[in-house]
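J.: Once you've had a glance at the structure underneath, I'll fire off some questions.
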Amino acid sequence: MGEQTARVRLVRTPDGQRLDIPPGFMLGGDEAILTAKDGRLVVEPVARSSLLSVLAGLDDLDEDWPEIDDAAPGDVLL
């Protein structure tokens, strides 16, 4: 992927400063990591965790589950 460049306007707000990201530069999601590196600001999208990684991080359940009668399904008329 090639490097893109765009000139943007910085806007001061009571809470800090913001910049408007042009459509060709928009990030997915609704969170990003902002890093100051060598006099530059680097904005990186926060990667969503995959379902498998979330499940792998969960503790095992220590529950006694009741037995469930698994009866054969009845006839189905189509």
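J.: A47 is checked against (1) under 30 Å from R7 (Cα atoms); (2) at pLDDT 90 or above and fails just one. What number does that condition carry?
T.: (2) is the only condition that A47 fails.
J.: Here is a follow-up. Would you pick out the residues in the range 22-34 that are surrounded by 10 or more Cβ atoms within 10 Å (Cβ to Cβ) and closer than 19 Å to R48 by Cβ?
T.: The answer is L27, A32, I33.
J.: Within the set of pairs 6 or more residues apart or between chains, which connect a residue that is touching a residue at least 12 places away in the same chain (Cβ under 8 Å) inside the range 50-64 to a residue that is assigned to a loop (DSSP other than H, G, I, E, B) and surrounded by 10 or more Cβ atoms within 10 Å (Cβ to Cβ) with Cβ atoms less than 9 Å apart?
T.: If the second residue must be assigned to a loop (DSSP other than H, G, I, E, B) and surrounded by 10 or more Cβ atoms within 10 Å (Cβ to Cβ), no pairs are left.
The values are calculated or read from the model by the stated rules, or taken from the named source; none is laboratory data. These numbers come from a predicted model, not from an experiment. Heads up, the Cβs are rebuilt from the backbone with ideal geometry, glycines too, and the neighbour counts pull from every protein chain shown.
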